[in-house]
Amino acid sequence: MNPSAPAGPESVTISFRPDGKKIRATRGATVLEAASQAGITLQSSCGGRGACGKCRIRLISPPSAPSDAELRHFDEAELEQGWRLACQVQVETEAVVEIPPSSRMMREKISLQGLGREVEVEPGLSKIFLRLPPPSLSDQRADLARLLDSLGGDVPPPSNLSLLQDLPDRMRRQDFNVTVVLSDGEIVEAESGDTAAQLYGMAFDIGTTTIVGYLTRLLDGAEVAVSAAINPQVQFGDDVVSRISFVSTDEEGLTRLQEKVVGAVNEIIQEACREGGIDATRIYELTVVGNTCMTHLFLGIDPTSLATMPYVPVNAAPRTVEARELGIRINPRGRVHVLPNIAGFVGADAVGVIIASGLEENRGLRVAVDIGTNGEVIVAKDDRLLACSTAAGPAFEGARISQGMRAASGAIDQVTLIESGSGSMTEPRLQIHTIDDAPARGICGSGLVDAVAVLRKIGVITSTGQMLPAKSAPPSASPFLERLESKDGKLRFVLAGPEQSAGGEPICLTSRDVRELQLAKGAICAGMLILLEEISAKPEEVEELLLAGAFGSYIRRESALAIGMLPAIPPEKIRPVGNAAGLGAKLALVSGKMRRLAKEVAGRVEYVELSERAEFHQRFADAMILEPVSGARQADR
């Protein structure tokens, strides 16, 4: 990778510490943009507007006058030490920048669990090794005729001219030993020698926040490697609305967002191939799922129609394109299959969840929630499938939370109340757990839900989300009052002290953080209740609730029920299922039958638009309350 801009009067040198990277960037570029150019992804959930304050950097040189946003986020001592926001500093001369760990995007831990659905491996892609007789004076058949005769049957000539142009070299390079790649009976590639055992594909789940790729051997469906990366589009905003806005206001917005996601997909392919020890040219097919906006951006289709009523997509049907048309670095003649979308904000990822979990089968009342920025809810009963998007926002991904982060190393993922009387204890205490048992760097979605449930239980937080000062807190909060502190006139609760954190600063929860969680969990709960009402069903009648997505894999059911994130469904009926959307993409990769099922399912789903429903807004307001959803609260009004 050569991230340098051409040297000259319009470019400046920027050095990044402790990475040891030095690049030339366009004069006037922000440090956030330059870091991206250097391959360093910084947190920027506000899209680089100076609002979130998460892209903290220390400007070693030269000095820079603080912006209004920086004056809000740093105190005088920090400003004197050179602390700034990467999105606010425009570099005009040579600069040296230090990036702390807390400002970096960390790789998210991905969970993929089997859902028990068994499919026959029939990808529609196959390889045949041929030992062809070389031409002679007595056998002057054309190269293509020789190939087709050896294949036998009704295999048609390839329609791809470039394949025909490469054929003479491929056939003669190894004395007319050649491997033919067939896709649904059509020749799509010819390779020198015997490569019949090297038949691979990749399944992708392109999320608003995270992209995951599964390298798969198509001969038997075996998973070879899994790789994931932060969706680099996050620098333009942490939700789909921000990215649609960027497309509509920036002339190059669509091109830049497509380049970002395609670049990330290529990096994941490269890493998975390195881990699996294979050549990327032996990958012949990709299947892709994602929400409607993400699949539009991946294909380079303008998504702005999704942002205005009636929120219709440009394309909802499944789409197959050549990999090289998108710039995907697999076999040049490989194909990319994008699964169908359902509606403007319920996309191919929801289709993936359905086919992975078998929700389309008539097996009683079942619900699936893909917990993420979009918060898709799917309800299946008898032969009906209903879906909605709850626009939960990115709180579960760690965005818009003061010290939020994704489920990466050092994230607080569990907060537990250890009751008094346990062992030799005389008073209750809090116990936190971090991913990898690393020093605390922030709090991720599952930790946030736990923390709010615990603080609600001890009485530090009221049912409306208000954080109480020490003088107003109930006796049950007494052992924890020393954790309550004020900063800039605002209350916060210390989850991990300086001695437990990676940066020597406490990890805290604020009233604003609680409110962000209330908004997210309220939207999901209200969406579920509306869909259940649509089919005249009650939460207690649900036979199985599947929690999908990375966050859904780690959430404690008891905490989610305690704060009213989920309706009153018995805990034993709630099952985390990991990245079900990604598993659906993988099933569509290894099985043509599953790909056909995806198309059928997308046509069956009844989309329920929540934004125009008065009852949704009432349900949403009710679901903001931090207490279990009682029968009275979930009954019809």
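Can you confirm whether residue 477 is more than 21 Å from residue 563 (Cβ to Cβ) and touching a Gly at 6+ places or on another chain (Cβ under 7 Å)? Lay out the reasoning, then the answer.
Details: more than 21 Å from residue 563 (Cβ to Cβ): no; touching a Gly at 6+ places or on another chain (Cβ under 7 Å): yes.
No: the conditions fail for residue 477.
If only one of 154, 149 is assigned to a loop (DSSP other than H, G, I, E, B) and surrounded by fewer than 15 Cβ atoms within 10 Å (Cβ to Cβ), which one is it?
Testing whether each residue is assigned to a loop (DSSP other than H, G, I, E, B) and surrounded by fewer than 15 Cβ atoms within 10 Å (Cβ to Cβ) leaves just 154.
Would you check which residues across segment 13-46 are in contact with an Asp or Glu (Cβ under 6 Å, 6 or more places away or on another chain) and either without any contact (Cβ under 8 Å) to a residue 12 or more places away in the chain or of a type outside the set (Lys, Arg) (or both) and list them?
Selection gives 13, 45.
Would you mention how many residues in segment 196-209 are outside any strand (DSSP E or B) and either assigned by TED's automatic domain parsing to the domain that holds residue 163 or in contact with a Lys or Arg (Cβ under 6 Å, 6 or more places away or on another chain) (or both)?
The qualifying residues number 3.
With the condition kept exactly as written, say whether any residue in segment 225-247 is touching a Gly at 6+ places or on another chain (Cβ under 6 Å) and outside the structural domain of residue 304 (by TED's automatic domain parsing).
No, that holds for no residue.
When you look at residue 457, is it outside the structural domain of residue 209 (by TED's automatic domain parsing) and either crowded, with 18+ Cβ neighbours inside 10 Å or modelled with pLDDT of 95 or more (or both), yes or no?
Yes, satisfied.
Please enumerate the residues belonging to segment 167-190 that are assigned to a helix (DSSP H, G or I) and surrounded by fewer than 16 Cβ atoms within 10 Å (Cβ to Cβ).
168, 169, 172
Those residues that are in contact (Cβ under 8 Å) with a residue 40 or more places away in the chain and either part of a loop (DSSP other than H, G, I, E, B) or more than 19 Å from residue 592 (Cα to Cα) (or both), I need them from segment 117-127; list them, please.
Listed by number, the residues that qualify are 117, 119, 120, 121, 123, 124.
Would you mind telling me which numbered condition in (1) within 20 Å of residue 240 (Cα to Cα); (2) touching a Leu at 6+ places or on another chain (Cβ under 8 Å) residue 417 fails?
(1)
Would it be correct to say that residue 197 is free of Cβ contacts under 8 Å to residues at least 12 places away in the same chain and more than 30 Å from residue 106 (Cα to Cα)?
Judged against the criteria, residue 197 is not a match.
Residue pairs, Cβ under 6 Å, 6 or more apart or interchain, first in segment 73-89 and of a type in the set (Val, Ile, Thr), second in a helix (DSSP H, G or I). List them.
Close Cβ pairs satisfying both conditions: 89/31.
Mind listing whichever residues of segment 464-495 are part of a loop (DSSP other than H, G, I, E, B), small (Gly, Ala, Ser) and over 31 Å from the mean Cα position of the chain (by Cα)?
Within segment 464-495, 473, 489 meet the criteria.
Specify which of the listed residues (315, 291) is under 30 Å from residue 556 (Cβ atoms) and in the same structural domain as residue 255 (by TED's automatic domain parsing). Give the derivation first.
Values: 315 fails: under 30 Å from residue 556 (Cβ atoms).
The unique qualifying residue is 291.
Can you tell me which residue in segment 54-66 is nearest to residue 407 (Cα to Cα), limited to those that are over 22 Å from the mean Cα position of the chain (by Cα) and buried (at least 16 other Cβ atoms within 10 Å of the Cβ)?
Step by step, filter segment 54-66, then rank; the result is 56.
Kindly establish whether residue 326 is touching a residue at least 12 places away in the same chain (Cβ under 8 Å), in contact with a helix residue (DSSP H, G or I) (Cβ under 8 Å, 6 or more places away or on another chain) and surrounded by fewer than 24 Cβ atoms within 10 Å (Cβ to Cβ).
Values: touching a residue at least 12 places away in the same chain (Cβ under 8 Å): yes; in contact with a helix residue (DSSP H, G or I) (Cβ under 8 Å, 6 or more places away or on another chain): yes; surrounded by fewer than 24 Cβ atoms within 10 Å (Cβ to Cβ): yes.
Considered against the rule, which asks whether it is touching a residue at least 12 places away in the same chain (Cβ under 8 Å), in contact with a helix residue (DSSP H, G or I) (Cβ under 8 Å, 6 or more places away or on another chain) and surrounded by fewer than 24 Cβ atoms within 10 Å (Cβ to Cβ), residue 326 comes out as yes.
Restricting to segment 163-203, name every residue that is within 33 Å of the chain's Cα centre (by Cα) and at negative phi.
Selection gives 181, 182, 183, 188, 189, 197, 198, 199, 200, 201, 202, 203.
For segment 530-597, give me every one of the helices (runs of 4 or more DSSP H) that falls completely inside it and has 1 or more residues that are more than 27 Å from residue 206 (Cβ to Cβ).
557-562
Kindly establish whether residue 413 is touching a residue at least 40 places away in the same chain (Cβ under 8 Å), in a strand (DSSP E or B) and of a type in the set (Asp, Glu).
Judged against the criteria, residue 413 is a match.
Answer yes if at least one residue in segment 338-351 is surrounded by fewer than 16 Cβ atoms within 10 Å (Cβ to Cβ) and charged (D, E, K, R), and no otherwise.
no
Looking at (1) within 22 Å of the chain's Cα centre (by Cα); (2) farther than 30 Å from residue 211 by Cα, which is the one condition that is false for residue 418?
(1)
If I ask for residues that are in contact with a helix residue (DSSP H, G or I) (Cβ under 7 Å, 6 or more places away or on another chain) and either within 14 Å of residue 531 (Cβ to Cβ) or in the same structural domain as residue 312 (by TED's automatic domain parsing) (or both), which ones from segment 361-372 would you list?
Scanning segment 361-372 gives 365, 367, 368, 369, 370.
Condition test on residue 379, is it assigned to a strand (DSSP E or B), touching a Lys or Arg at 6+ places or on another chain (Cβ under 9 Å) and either buried (at least 24 other Cβ atoms within 10 Å of the Cβ) or modelled with pLDDT under 90 (or both)?
Yes: the conditions hold for residue 379.
Condition first: among the aliphatic types (A, V, I, L, M) and either under 47 Å from the mean Cα position of the chain (by Cα) or within 20 Å of residue 194 (Cβ to Cβ) (or both). Now tell me which residues in segment 130-151 satisfy that.
Selection gives 130, 132, 144, 147, 148, 151.
Tell me the helices (runs of 4 or more DSSP H) entirely within segment 210-319 that contain at least 2 residues that are of a type in the set (S, T, N, Q) and surrounded by fewer than 16 Cβ atoms within 10 Å (Cβ to Cβ).
Correct list: 240-249, 253-276.
The values are calculated or read from the model by the stated rules, or taken from the named source; none is laboratory data. Nothing here was measured: the structure is a model prediction, and the numbers come from that model. In this analysis, Cβ positions are derived from the backbone assuming ideal geometry, glycine residues included, and neighbour counts consider all displayed protein chains.
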